[in-house]
1. May I ask you to verify whether PHE122 is open to solvent by less than 50 Å² (accessible area, probe 1.4 Å), assigned to a loop (DSSP other than H, G, I, E, B) and closer than 17 Å to GLY363 by Cα?
2. Restricting to segment 244-265, name every residue that is aromatic (Phe, Trp, Tyr), under 12 Å from THR231 (Cβ atoms) and in contact (Cβ under 8 Å) with a residue 12 or more places away in the chain.
3. Any idea how many residues of segment 342-366 are open to solvent by less than 50 Å² (accessible area, probe 1.4 Å), touching a residue at least 40 places away in the same chain (Cβ under 8 Å) and more than 24 Å from VAL220 (Cβ to Cβ)?
4. Give the residues of segment 361-386 that are of a type in the set (Ser, Thr, Tyr) and either under 21 Å from PHE406 (Cα atoms) or outside any loop (DSSP other than H, G, I, E, B) (or both), sorted by residue number.
5. Applying the selection to segment 91-112, what residues are over 23 Å from LEU452 (Cα atoms) and touching a helix residue (DSSP H, G or I) at 6+ places or on another chain (Cβ under 8 Å)?
6. Here are the criteria: (1) at positive phi; (2) at pLDDT 90 or above. Tell me which single one GLY152 does not satisfy.
7. Given the conditions (1) part of a helix (DSSP H, G or I); (2) within 15 Å of the chain's Cα centre (by Cα), which single one is not true for ASN217?
8. Within the bounds of segment 159-169, is there any residue that is in contact with a Pro (Cβ under 6 Å, 6 or more places away or on another chain) and outside any loop (DSSP other than H, G, I, E, B)?
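The values are calculated or read from the model by the stated rules, or taken from the named source; none is laboratory data. Quick caveat: nothing in here was measured; it's all calculated off a predicted structure. Positions of Cβ are backbone-derived with ideal geometry, glycine not excepted, and every protein chain shown enters the neighbour counts. Protein only, heavy atoms only, side chains kept; ligands, DNA and RNA dropped before computing areas. Shrake-Rupley method; radii C 1.70, N 1.55, O 1.52, S 1.80 Å.
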Amino acid sequence: MSRNIVVGGCFNLYTKLLLAILVLGLFAFLGFSGWGGGRANYDGSVIFFSSLLWFVFLLVVGAISERLFWQFAPFAIFFTPNAVNDFWPSSPMAAGEASPYFSYFTHIDIYLLMGVLAYCDFQQRRPKREVFMFFTFLLIFLVVFLGAIWRGEFWHVLQGSYQLRYLIYLLLLFIYADPFKYEGDFSLSLKAVLILIFFEATVFSLVKSEQRLTSGNYGVNSLGHLMAAGTAFLVLQAGGLSKKIGNYFLALVLILAVLATATRFSLVALFSAFSMIYILKRGKLSSFFFGLSILIGMFVFFISFVPAGESMWEGILTIGQNVDDPSAISVTPESSSMITRLRLWWATLEMIGDHPWLGIGPGVWAFLKVNYGVEFESILDPHQDLLSYLVSYGVVLGGVFFISVFILPIFKVGKLRGLYSGSLWGWVGIILVLLFAGATNAVTWKHQISALAYFSSLMVVFWNSRFVGYRV
């Protein structure tokens with residue numbers, strides 16, 4: 001063995017060891033110091049202990065080999081109950097005694113970080129574009145935390161910074177490991193997890209006597225958006241006839257799940273994504289107008305859908321009378337959800353106007369909402385993805401974050417659509433569904449869904465490495 005190899009291997013080992021010590025030290029600091037109001041919230045319930053055992057099992061299996069890491073990643077990220085995070089120090093997500101608690105770090109942090117430490121080869125020389133992308137988001141992370149320290153919001157931002165943390169972990173894995181090699185394993189497990197989530201939601205809804213399909217992990221709207229994204233993923237994946245039949249059958253199950261959640265915009269986002277895929281694949285003016293007509297049809301369907309026996313037309317006309325003053329809008333069954341969103345959006349725009357450069361920091365919105373006239377105690381986010389990024393990270397940094405995740409992959413596909421084939425369109429479908437669904441919900445504020453969005457986005461952006469001389 002040459003001396004260069006030994007030195008390089010030692011550098012790689014020392015880097016991983018240093019990262020592990022820093023992370024474990026931070027966990028120990030949070031757990032034993034009690035700073036920031038952090039405390040563990042585990043209650044000794046069967047759900048907590050079973051969740052903890054389940055996650056430890058996944059963590060051990062994922063540490064055996066890189067293939068098993070990616071194969072079990074969907075189970076660890078999307079099908080591990082949030083109850084496992086009660087083991088870690090946490091703090092309230094909003095002001096008020098009734099506010100739920102959320103941990104400073106999550107099981108997704110731990111699983112992805114384990115993958116970084118185990119399978120990233122930091123001695124590799126990577127293209128400058130990849131390194132530049134990583135350091136861009138690392139810089140955003142540092143700026144966000146410096147701003148949080150300056151404003152005295154460090155603990156709130158630490159709790160709410162999982163979006164940046166997940167993206168940085170995944171960037172390291174995409175740059176210094178090789179998720180493409182195990183993409184088929186990840187995809188197969190993702191399909192299984194989507195069906196398992198549907199069954200979990202069915203059981204939960206029956207036990208709790210819920211009127212709409214509800215998940216203990218995802219709630220209602222987030223569940224609908226996740227099922228819609230899964231539907232697009234299944235329908236758009238390539239394969240032989242038997243594989244397509246299986247995918248279409250599973251997609252039908254997920255469509256039924258979306259309908260059972262009665263989340264209208266999940267359906268709009270799904271069919272809008274299919275329309276955009278049609279436009280991207282064809283790349284012709286006629287295809288554009290055809291896709292545009294479908295988008296308009298989806299909008300008409302959205303405002304005409306009558307889950308409660310009444311149309312939304314009246315609500316739209318009512319809102320049209322005074323859109324800048326939601327309190328002046330008469331509350332009807334058709335307009336109530338729109339009134340709520342208008343209040344949230346106007347309040348968020350005011351926050352952005354007051355904090356345009358660095359934003360208020362991720363995780364801080366729910367603590368400031370009362371100061372801007374939002375009196376809904378149970379609402380913890382702005383219910384709009386773009387506004388959520390802009391208010392959390394500032395207009396510039398939040399804009400870069402949002403564009404990098406949702407817009408850049410679409411441009412990549414539009415620019416090199418002739419090179420894209422196979423399973424990639426499934427990942428594009430996930431991005432588009434979540435992009436459209438984010439028009440009326442802060443979709444990626446749900447931390448599991450943010451991990452899915454970022455993984456799908458990086459799959460598309462880095463896919464170029466298979467066809468051209470650079471990855472990004």
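1. no
2. Of everything in segment 244-265, just one residue is aromatic (Phe, Trp, Tyr), under 12 Å from THR231 (Cβ atoms) and in contact (Cβ under 8 Å) with a residue 12 or more places away in the chain, namely TYR248.
3. Start the filter on segment 342-366 by keeping residues that are open to solvent by less than 50 Å² (accessible area, probe 1.4 Å), which leaves 342, 344, 347-348, 351-352, 356, 359-366.
Next, from what is left, pick out any that are touching a residue at least 40 places away in the same chain (Cβ under 8 Å): 344, 348, 351-352, 359-364, 366.
Okay, now just the ones that are also more than 24 Å from VAL220 (Cβ to Cβ), so 351-352, 359-361, 364.
The number of residues fulfilling the criteria is 6.
4. Selection gives TYR372 alone.
5. SER91, PRO92, ALA94, ALA95, SER99
6. In the conditions (1) at positive phi; (2) at pLDDT 90 or above, GLY152 misses (2) alone.
7. Of the numbered conditions (1) part of a helix (DSSP H, G or I); (2) within 15 Å of the chain's Cα centre (by Cα), the odd one out for ASN217 is (1).
8. The initial filter retains those residues of segment 159-169 that are in contact with a Pro (Cβ under 6 Å, 6 or more places away or on another chain), namely 160-161.
With outside any loop (DSSP other than H, G, I, E, B) added as a condition, the list becomes 160.
Within segment 159-169, one or more residues are in contact with a Pro (Cβ under 6 Å, 6 or more places away or on another chain) and outside any loop (DSSP other than H, G, I, E, B).
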